[in-house]
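Notes follow the structure.
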Amino acid sequence: MRSGFVAVVGRPNVGKSTLVNALVGSKVSITSTKPQTTRNTIRGIMTHYEEGVPASQAVLVDTPGLHKPRTALGERLNAMVQGTLNEADCVVVVFDATAPVGPGDRRVAERAKASGSPVICVVNKVDRGNPAEVAERLIEATAWDFDVYVPTSALTGEAVETVRHAIVERLTNGPMFFPSDATTDQPEHLVVGEIIREKFLDRLHDELPHSLVVRVREMEERANGTLYIDAQAIVERDSQKGIIIGKGGELLKTAGAEARIELEALFGTSVFLDLRVRVEKDWQQRPNILDRLGFE
């Protein structure tokens, strides 16, 4: 049996979460066109079978994008990434095929290389880049002499199987960490909160997506079989509260309805989502609030 922890790293918005979802084969991490979508170290579980028997298990750790922090939250997110790299048995570093390698990519690549673990380089979004762009990214990435290079589209599935095999080949003998049918170890309340947050992200502009976090306060199955969920969409200012609610409550209603549909599919039962908006002034800068929201 082979097993290990695999850190998936890259600058913001290169498609790390989409890649993790594709490797696992189900949605374990939310996605968005907005940078800094991932705010926790999300673990997806990829179990590989041979002749119907589990032969390997990789615990994929989807990390927040490394960036230049402007808030206490940003500093904590970067610390999460470094901590994950320090503990990883293998690293997948992701570049965007459609964008030149910049300072953020270099910072990630250097930290991945310094980890001392085997590094798989994925040049993602080849479905959007032309062959010349993809070749240029691959050439740029050879500066770090990674173990293997794979041009991939996590969105379409192109070469995802190649990435999967590259990971399995770099695992070492070890135990099975989770049941073979598990896809994530995330607590239900965290998964629910992230699904709700996802429904707002691409409808928001400027800094507001970064100022939004969703906290699930209660989940309870009622006598009639309905799953009751009490959730708060938390922002930093009163003006943001109005934007989250929307004109006539339209945005809150739409995002809540979309989240409820996905949650009903996830849990296989009807869901009553009690979603309200709360202001926690400058929560991204307040350590006590960050602790309470789970950004430890």
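A few notes on this one:
- Per-residue ellipticity at 222 nm from helix content only, as computed over the chain with -39500 (n - 2.57) for each DSSP H run of at least four residues, stands at -11000 deg cm²/dmol.
- Among the trypsin sites (Lys or Arg not before Pro) in segment 122-228, those located in a DSSP loop and surrounded by at most 11 other Cβ atoms within 10 Å of their own Cβ are Arg222.
- Simple spin-label estimate for Met219 and Asp181 gives 1.8 nm between the two label positions (7 Å along the Cα-to-Cβ direction from each Cα).
- Each Cα pair under 8 Å and six or more residues apart adds its sequence gap; the mean of these over the residue count of the chain is a relative contact order of 18 percent.
- Neighbour cut-off at most 14 other Cβ (10 Å), DSSP loop, GluC sites (Glu not before Pro), segment 176-272: Glu207
- Which listed pairs, of Lys125/Lys247; Lys125/Lys241; Lys125/Lys253; Lys125/Lys199, have C-alpha distances above 29 Å, in listed order: Lys125/Lys247; Lys125/Lys241; Lys125/Lys253
- Vicinal HN-Hα couplings computed from phi for segment 48-60 (Karplus, 6.51 cos²θ - 1.76 cosθ + 1.60; Hz; Gly/Pro x): 9, 10, 10, 6, x, 10, x, 10, 7, 9, 10, 9, 8
- At most 13 other Cβ within 10 Å, DSSP loop - trypsin sites (Lys or Arg not before Pro), segment 240-296: Lys281
- To put it simply, the accessible area of the chain at a 1.4 Å probe is 50 percent carbon and sulfur.
- In the context of the full set of protein chains, the chain has a per residue accessible area of 45 Å² (1.4 Å probe).
- Integer Hz, Karplus 6.51/-1.76/1.60 couplings in order for segment 268-283, x for Gly and Pro: x, 8, 5, 10, 10, 9, 9, 10, 10, 10, 10, 9, 10, 3, 6, 4
- 3J(HN,Hα) from dihedral phi, segment 131-143, Karplus parametrisation 6.51/-1.76/1.60, rounded to Hz, x for glycine, proline: x, 5, 5, 4, 4, 5, 4, 5, 5, 4, 6, 5, 4
- For Ile45, the amide hydrogen comes within under 5 Å of the amide hydrogens of Leu60, Thr184, counting only partners 5 or more places away or on other chains and with H modelled in the peptide plane.
- The angle separating the long axis of helix 250-267 from the principal Cα axis of greatest extent in the chain is about 60 degrees.
- Cα-based helix-to-principal-axis angle, 188-201 vs the chain, degrees rounded to 10: 80
The values are calculated or read from the model by the stated rules, or taken from the named source; none is laboratory data. Only a predicted model underlies this, so the values are computations on that prediction, with no experimental measurement involved. Positions of Cβ are generated from backbone atoms using ideal geometry, with glycine treated the same way; all protein chains shown enter the neighbour counts. SASA here: full protein model, heavy atoms, side chains in, ligands and nucleic acids out. Shrake-Rupley method; radii C 1.70, N 1.55, O 1.52, S 1.80 Å.
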